[in-house]
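A.B. asks: Following this message is one structure expressed as structure tokens.
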Amino acid sequence: MESSGNPNPIASPDPQPTGGNAVAPEVTTASEASEASAPVLSDGTLPANQELWQQSLGWQPSETEQAKLQALYKGIIEGNIKLNLTRLTEPAAFWEKHLWDSLRALRPWLLGELALGKPDQAPKIIDIGTGGGFPGIPAAIVFPQSQVTLLDSTRKKMVFLQQLVSELKLSNVRTVTERAEASGQQEQHRGKYDLALIRAVGPVTVCAEYCLPMVRYGGMAVLYRGQWSVEEAEALTEAVHLLGAEVTEVKAFETPLSQGTRHCIYIKKIAGTPDMFPRPVGVPVQSPLP
Ligand code: SAM
């Protein structure tokens, strides 16, 4: 396992996200959502930040992609009034913690360092526990040749996202309302995806158990994390071994505006996942691997 960027991520000055180091800190929890009402925006325009994209990713969105990202922002802000999808409603915070954060993890594919999918086949991407559509919708915008599945167990969010992707004319996106534990045992999802993404859904080995059964042999999963500890690294190494995979890289970096700590864990599927995984609904959380 290789680590790069931050030589000592555990010593980062960033505060721990809610619930320990399980999730990126900016995502609204159910309790936060019920307390907070969505702030009204003074100006609904996202910053372009082309230089920041270029400096931090070596990539920047095209005009078409920028227009789609802007439309996504507008749609989420409107949906937020009823659904409390995010507390990050200011343009700069939304840009950094939803858009940039979603796409930073995809840098190896944006830059062509890793192949997305098999030759001559539309790459299949799944975002597990997509919530308000992150990171799956930004991924669908920048990889229009891919087929993106947004999976979440909360029906009202998925009804909203289905409407939103249709307004954004993202014909490469479908939504599935289901628990990851159920999807991972179904023929139409099991071993079918080239790339699985998961951000802010739970403890790291739970995320691995949700993702890896749905990844094909040779495919990858990316776990989006805030802080990262030695204990998590050790548990994940054991868990992914049980699931037929190996951690190939842990990438540490800071967000470009507020210097928040992030880690992306890249995992490759190198064998079949035993039939018993994912375990029945609720079990991965109640008895996390290994
Ligand atoms: N990924 C989004 C983000 O980073 O902004 C949303 C994160 S939100 C905190 C967690 C989401 O995961 C919720 O929408 C929840 O419904 C979903 N979720 C949690 N456990 C799940 C499971 N077992 N199967 C499917 N969705 C799940």
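The values are calculated or read from the model by the stated rules, or taken from the named source; none is laboratory data. Just so it is clear, the structure is predicted and the values come from calculations on it, not from any experiment. Cβ coordinates were reconstructed from backbone atoms using ideal geometry, including for glycine residues, and neighbour counts include every protein chain displayed.
A.B. asks: Do you know which of the residues in segment 159-195 that are part of a helix (DSSP H, G or I) and under 29 Å from residue 274 (Cβ atoms) is nearest to the ligand (Cβ to nearest atom)?
C.D. replies: Only one residue tops the list, namely 180.
A.B. asks: Scan segment 112-126 and give yes if some residue there is under 17 Å from residue 195 (Cβ atoms), buried (at least 18 other Cβ atoms within 10 Å of the Cβ) and of a type in the set (Asp, Glu), otherwise no.
C.D. replies: Checked segment 112-126: no residue is under 17 Å from residue 195 (Cβ atoms), buried (at least 18 other Cβ atoms within 10 Å of the Cβ) and of a type in the set (Asp, Glu).
A.B. asks: Since residue 33 meets every condition but one in (1) within 16 Å of the ligand (Cβ to nearest atom); (2) at pLDDT 90 or above, which condition does it not meet?
C.D. replies: (2)
A.B. asks: Report the residue count in segment 148-158 for those that are of a type outside the set (A, V, I, L, M), more than 8 Å from the ligand (Cβ to nearest atom) and buried (at least 20 other Cβ atoms within 10 Å of the Cβ).
C.D. replies: Number satisfying all stated conditions: 1.
A.B. asks: Which numbered condition trips up residue 271, out of (1) buried (at least 16 other Cβ atoms within 10 Å of the Cβ); (2) of a type in the set (A, V, I, L, M); (3) more than 14 Å from the ligand (Cβ to nearest atom)?
C.D. replies: Here residue 271 meets the rest and fails (1).
A.B. asks: Name every residue in segment 174-201 that is in contact (Cβ under 8 Å) with a residue 40 or more places away in the chain and among the hydrophobic types (A, V, I, L, M, F, W, C), in order of residue number.
C.D. replies: 180, 182, 195, 196, 197, 198, 200, 201
A.B. asks: Okay, next question. Determine whether residue 283 is among the β-branched types (Val, Ile, Thr), within 16 Å of the ligand (Cβ to nearest atom) and within 14 Å of residue 206 (Cβ to Cβ).
C.D. replies: Judged against the criteria, residue 283 is a match.
A.B. asks: Of these, 245, 221, 208, which one is small (Gly, Ala, Ser), at negative phi and more than 14 Å from the chain's Cα centre (by Cα)?
C.D. replies: 245
A.B. asks: Take residues that are hydroxyl-bearing (Ser, Thr, Tyr) and tell me which of the helices (runs of 4 or more DSSP H) falling wholly in segment 48-121 contain 2 or more.
C.D. replies: Here the list reads 63-83.
A.B. asks: Looking at segment 198-213, is at least one residue within 14 Å of the ligand (Cβ to nearest atom), basic (Lys, Arg) and either more than 23 Å from residue 269 (Cβ to Cβ) or in a helix (DSSP H, G or I) (or both)?
C.D. replies: no
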